[in-house]
Amino acid sequence: MRLNTAQLMAAALDERALGSLWVPYHPHDNDDTIGWAICLWLNSSVGILCMLGGRSNKVLSRPEFSIDAQRAIPVPNFRVAPATASSLSAAFEALKNEVLLPFPQIDNDPVRRQIDAAVIEALELDAEWVARIRRELSREPSITNRRYADL
């Protein structure tokens, strides 16, 4: 994965797939609603920040995610908040066919803003806080593959 060209952190597939860069997730109770909510969460600005917090980098824009680091990614507990899961699942359904811009353009991505808006509403987050995360991610050297001085 190259952060300067990547567009998403998680994808929902209709069938099982094999890959060397993806780690499959499937809810134990076969509840697709929770899986879709998690997929939307991980593609939100806050979710991307949570994912990037546990990475190791040998090359600045090519993160490595160990299985243990992936297991430690903060994700809301949707089992105790089924209404939140339903809300994010509905947003996922509405946006699942939209094209996301690469991470360096995250601050100007209208689809990412819609994802963030759904997360803000469902989890009652501060909209300015999420906007600041999105703005700073768009400037992050590991995402842009450029030094701060070059921005």
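Structure above, values below:
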{"quantity": "Asn145, sole failed condition from (1) within 12 Å of the chain's Cα centre (by Cα); (2) on the phi > 0 side of the Ramachandran plot", "calculated": "(1)"}
{"quantity": "Cβ-Cβ under 7 Å pairs, at least 6 apart or on other chains, the stretch 1-15 side loosely packed, with under 13 Cβ neighbours inside 10 Å, far side in a loop (DSSP other than H, G, I, E, B) and at pLDDT 90 or above", "calculated": "Thr5/Pro102"}
{"quantity": "Qualifying residues in the stretch 1-58 (those that are modelled with pLDDT of 80 or more and among the hydroxyl-bearing types (Ser, Thr, Tyr)) - the one farthest from Glu124 (Cα to Cα)", "calculated": "Thr5"}
{"quantity": "Filtered residue count, the stretch 123-140, keeping only those that are in a helix (DSSP H, G or I) and open to solvent by 40 Å² or more (accessible area, probe 1.4 Å)", "calculated": "7"}
{"quantity": "Options Ile115, Ile106, Ile120, Ile143: the member that is free of Cβ contacts under 8 Å to residues at least 24 places away in the same chain and surrounded by 16 or more Cβ atoms within 10 Å (Cβ to Cβ)", "calculated": "Ile120"}
{"quantity": "Evaluation of Gln114 against (1) of a type in the set (S, T, N, Q); (2) in contact with a Leu (Cβ under 7 Å, 6 or more places away or on another chain); (3) outside any helix (DSSP H, G or I) (one fails), failing number", "calculated": "(3)"}
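The values are calculated or read from the model by the stated rules, or taken from the named source; none is laboratory data. For clarity, every value in this text was computed on a predicted model and none was experimentally measured. Note that we place each Cβ from the backbone using ideal geometry, even for glycine, and neighbour counts take in every protein chain shown. Surface areas here come from the heavy atoms of the whole protein model, side chains and all, with no ligands, DNA or RNA. Shrake-Rupley method; radii C 1.70, N 1.55, O 1.52, S 1.80 Å.
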